[in-house]
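What follows is a short report on a single structure.
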Amino acid sequence: MEMQRWIIHIDMDAYFAAVEQRDHPEIRGKPVIIGGLSGRGVVSTASYEARRFGVHSAMPMTEAQRRCPNGIYLPGDHRKYARISMQIMKILENFSPLVEPLSLDEAFLDVSGMDWLYHDPVDIAKKIQERIYQDLQLTASAGVAPNKFLAKMASEMKKPNGLTVIRPGEEAAAIANLPIRRLWGVGETTAGVLSKAGIETIGQLAKADPVFLEKQLGKLAYEICELAKGKDDREVISAHAPKSIGKETTFATNLKSKTDILDQLLILSEKVGWRLRKNGYVGRTVTVKLRFASFRTLNRSHTFAEPICLDEAIYAAAGMLAAKMTLNEGVRLLGVSISNLEPGGKQISLFPDETEIKKKLVCQTVDKLKNKYGETVLMRGRVDEEKSKTKMP
């Protein structure tokens with residue numbers, strides 16, 4: 001059975017203006033217009049308060065001033081907006097390894113196949129919105145759909161701070177009543193041609209005669225007809241894939257015993273495993289970083305023949321690597337990371353089948369709790385070696 005494809009489009013609400021309102025409480029709730037302030041300048045972003053006056057992006061600034069004479073006009077700080085955009089993209093990358101930025105304030109995420117981490121793709125979109133607001137005090141609207149085109153259309157339907165879902169089977173109906181200008185590739189000229197033919201809505205276009213449309217629009221006809229039917233097979237293209245996923249901790253008091261070090265390695269291994277699975281990766285190389293009180297630093301790695309993603313396997317490698325290090329002074333920092341990543345979510349050959357299934361079920365349960373309540377909600381305890389009659393790997 002083919003996996004259901006799910007795409008999320010995140011679109012920040014009145015981004016430039018919202019950032020300025022966040023940073024300057026005295027202009028909150030007031031019409032704020034960002035853009036070129038010269039005579040030939042245009043509006044980059046208008047707050048929702050300004051939009052009530054008919055001000056919108058790409059409008060000449062002189063027209064905006066005529067419509068909203070009491071607005072607050074600012075040139076904007078594009079370095080700041082770019083810096084915050086990087087923070088937004090990092091948040092998105094916590095939810096999917098496939099993130100495609102479109103601009104500073106919007107991006108696509110492919111969350112297909114993540115149903116073992118989340119009950120529904122809508123849950124992912126909600127958590128993204130919550131995280132953006134929690135971390136940055138900004139709101140975003142989200143669209144969830146089976147493809148990129150519909151996800152972007154959905155994110156625009158309930159602004160600001162909205163969430164719209166288009167599920168399989170609802171594609172054509174969800175956009176049928178929207179004007180044809182909402183379709184990608186349909187500009188003023190194309191819209192004029194279609195309007196003369198009596199085609200004003202996307203639903204009318206979807207039902208139109210393909211031969212007639214090709215005569216009117218040429219090669220463009222096929223593309224916009226597919227979109228009008230809610231079809232779009234373009235992939236989400238990630239700007240970059242992570243080279244490694246890791247976690248490290250600096251301790252207030254230096255660690256001096258092997259037991260304390262193993263306990264901390266287990267905690268770190270669990271966090272790395274959770275992040276690995278959450279981002280849809282498996283990896284082959286586990287690295288332990290150890291920094292002593294003197295700031296001398298050691299890095300040791302182990303590479304598996306098969307990719308892994310389970311906490312136990314990561315910890316087994318981390319413990320083995322730590323056992324080979326000479327610990328003749330206190331340890332102030334420990335780190336665990338995994339590299340040689342590849343897309344996936346399953347570890348298939350390190351453990352026997354029955355054991356692997358049990359371990360994966362445990363991970364799934366723990367992951368769901370961590371996704372809902374945070375990565376520290378549940379931590380496993382390390383079994384004492386002598387009592388269990390096992391030795392550190």
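The values are calculated or read from the model by the stated rules, or taken from the named source; none is laboratory data. This structure is a prediction, so every number in the text was calculated from the model and none was measured. Reconstructed Cβ throughout: ideal geometry from the backbone, glycine too, with neighbour counts over all protein chains shown.
Table for the structure above
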{"item": "Filter result (loosely packed, with under 14 Cβ neighbours inside 10 Å and touching a residue at least 60 places away in the same chain (Cβ under 8 Å)) within the range 211-233", "result": "Asp233"}
{"item": "The range 112-127 - residue that is assigned to a loop (DSSP other than H, G, I, E, B) and either crowded, with 20+ Cβ neighbours inside 10 Å or not assigned by TED's automatic domain parsing to the domain that holds His78 (or both) and, of those, modelled with the lowest pLDDT", "result": "Leu117"}
{"item": "Test: Glu200 is of a type in the set (D, E, K, R), farther than 24 Å from Ala82 by Cα, touching a Gly at 6+ places or on another chain (Cβ under 9 Å) and surrounded by fewer than 17 Cβ atoms within 10 Å (Cβ to Cβ)", "result": "no"}
{"item": "Test: Leu138 is in the same structural domain as Ser103 (by TED's automatic domain parsing), in contact (Cβ under 8 Å) with a residue 60 or more places away in the chain and within 19 Å of the chain's Cα centre (by Cα)", "result": "yes"}
{"item": "Single condition Ile267 does not satisfy, out of (1) of a type in the set (Val, Ile, Thr); (2) closer than 30 Å to Trp184 by Cα; (3) not in a loop (DSSP other than H, G, I, E, B)", "result": "(2)"}
{"item": "Qualifying residue in the range 279-294 (condition: at pLDDT below 90, more than 29 Å from Ala107 (Cβ to Cβ) and of a type in the set (Ser, Thr, Tyr))", "result": "yes"}
{"item": "Pairs with Cβ under 6 Å, 6+ apart, first in the range 162-188 and farther than 19 Å from Pro146 by Cβ, second part of a loop (DSSP other than H, G, I, E, B)", "result": "Ile180/Val186"}
{"item": "Unmet criterion (only one of (1) surrounded by fewer than 22 Cβ atoms within 10 Å (Cβ to Cβ); (2) over 14 Å from Leu227 (Cβ atoms)) for Leu178", "result": "(2)"}
{"item": "Tally of residues being in a helix (DSSP H, G or I) and among the acidic types (Asp, Glu) across the range 197-219", "result": "1"}
{"item": "The range 24-36 - residue that is out of contact with any Phe, Trp or Tyr (no Cβ under 6 Å at 6 or more places or on another chain) and of a type in the set (A, V, I, L, M) and, of those, surrounded by the fewest Cβ atoms within 10 Å (Cβ to Cβ)", "result": "Ile27"}
{"item": "Which listed residue, of Phe108, Phe16, is in contact (Cβ under 8 Å) with a residue 40 or more places away in the chain, more than 30 Å from Ser244 (Cβ to Cβ) and buried (at least 23 other Cβ atoms within 10 Å of the Cβ)", "result": "Phe16"}
{"item": "Residues located in the range 170-196, provided they are under 25 Å from the mean Cα position of the chain (by Cα) and not in a helix (DSSP H, G or I)", "result": "Glu170, Leu183, Trp184"}
{"item": "Complete set of residues in the range 89-106 that are within 8 Å of the chain's Cα centre (by Cα) and either within 17 Å of Tyr15 (Cβ to Cβ) or not aromatic (Phe, Trp, Tyr) (or both)", "result": "Met89, Lys90, Ile91, Leu92, Glu93, Asn94, Ser96, Pro97, Leu98, Val99"}
{"item": "Filtered residue count, the range 1-25, keeping only those that are among the β-branched types (Val, Ile, Thr) and modelled with pLDDT under 95", "result": "0"}
{"item": "Test: residue in the range 274-281 that is touching a Ser or Thr at 6+ places or on another chain (Cβ under 8 Å) and touching a residue at least 12 places away in the same chain (Cβ under 8 Å)", "result": "yes"}
{"item": "Residues that are of a type in the set (Lys, Arg) and either at pLDDT below 95 or within 18 Å of His56 (Cβ to Cβ) (or both), drawn from the range 26-42", "result": "Lys30, Arg40"}
{"item": "All helices (runs of 4 or more DSSP H) inside the range 36-111 with 1 or more residues being out of contact with any strand residue (DSSP E or B) (no Cβ under 7 Å at 6 or more places or on another chain), among the acidic types (Asp, Glu) and not assigned by TED's automatic domain parsing to the domain that holds Phe16", "result": "none"}
